[in-house]
1. Give all pairs with beta carbons closer than 9 Å in which a residue from the range 106-121 that is on the phi > 0 side of the Ramachandran plot and outside any loop (DSSP other than H, G, I, E, B) meets a residue that is modelled with pLDDT under 70 and surrounded by fewer than 21 Cβ atoms within 10 Å (Cβ to Cβ); count only pairs at least 6 apart in sequence or on separate chains.
2. Output the residues belonging to the range 37-57 that are at pLDDT below 95, part of a helix (DSSP H, G or I) and buried (at least 17 other Cβ atoms within 10 Å of the Cβ).
3. Can you tell me which residues in the range 58-78 are modelled with pLDDT under 85 and not in a helix (DSSP H, G or I)?
4. Collect the residues in the range 132-143 that are in contact (Cβ under 8 Å) with a residue 12 or more places away in the chain and either farther than 13 Å from residue 84 by Cβ or surrounded by fewer than 16 Cβ atoms within 10 Å (Cβ to Cβ) (or both), keeping them in residue-number order.
5. For the range 14-36, enumerate the residues that are at pLDDT below 90 and more than 22 Å from residue 94 (Cα to Cα).
6. Please verify whether residue 11 is at pLDDT 95 or above, surrounded by fewer than 20 Cβ atoms within 10 Å (Cβ to Cβ) and assigned to a helix (DSSP H, G or I), treating the condition exactly as stated.
7. Look through the range 106-131, keep the residues that are at pLDDT below 90 and crowded, with 24+ Cβ neighbours inside 10 Å, and return whichever of them is nearest to residue 74 (Cα to Cα).
């Protein structure tokens, strides 16, 4: 049974790592749940204090991830249309670019980088925002998206580290 818990935990942690990049998958929370399930194995051990801290950080990173793109867009003069466009642009790029053969990295790095920016710009233009303001808003949304993604990736990498060190 211990091996089954470790396999389930490992799969959830990998899904959490993917969720750090792919919107719609709660990366930090999924990684943390994977870590918790891994602790059901008799071979695993993690200090309770560290586990509580990792749980608090998972909640914090998840909240910040939703707030940072909105903050970046608003700070640069954008609207909700820019934020929504950024998310849609990322999802479309992740789905479309691999089918076009434009794959750099596991999900099309080009799409992950350009999708949010293009989506935010298009969203602002559909909201009748002048081009210069739409560009600034798109840039703010893009930088916010990158900051949130970076935080999620770092957190998920820390979870992978603890999974490997404490459970294997």
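The values are calculated or read from the model by the stated rules, or taken from the named source; none is laboratory data. This one's a predicted model, so the numbers in the text were calculated from it and none came from an experiment. Cβ placement follows ideal geometry from the backbone for every residue including glycine, while neighbour counts extend to all protein chains displayed.
1. Partner pairs satisfying both residue conditions: none exist.
2. 37, 38, listed by residue number.
3. If the condition is that a residue be modelled with pLDDT under 85 and not in a helix (DSSP H, G or I), then 77, 78 are the ones that fit.
4. Residues satisfying the conditions are 133, 134, 135, 136, 139, 140, 142, 143.
5. none
6. Details: at pLDDT 95 or above: yes; surrounded by fewer than 20 Cβ atoms within 10 Å (Cβ to Cβ): yes; assigned to a helix (DSSP H, G or I): yes.
Here the answer is yes, as residue 11 does meet what is asked.
7. Checked the range 106-131; the qualifying residue nearest to residue 74 (Cα to Cα) is 120.
Listed here are the residues, each with its yes/no results for (1) free of Cβ contacts under 8 Å to residues at least 12 places away in the same chain; (2) under 30 Å from residue 135 (Cβ atoms); (3) touching a helix residue (DSSP H, G or I) at 6+ places or on another chain (Cβ under 6 Å).
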residue: 2; (1), (2), (3): no, no, no
residue: 12; (1), (2), (3): no, no, yes
residue: 20; (1), (2), (3): no, yes, yes
residue: 31; (1), (2), (3): no, no, yes
residue: 70; (1), (2), (3): no, yes, yes
residue: 78; (1), (2), (3): no, yes, yes
residue: 81; (1), (2), (3): no, yes, yes
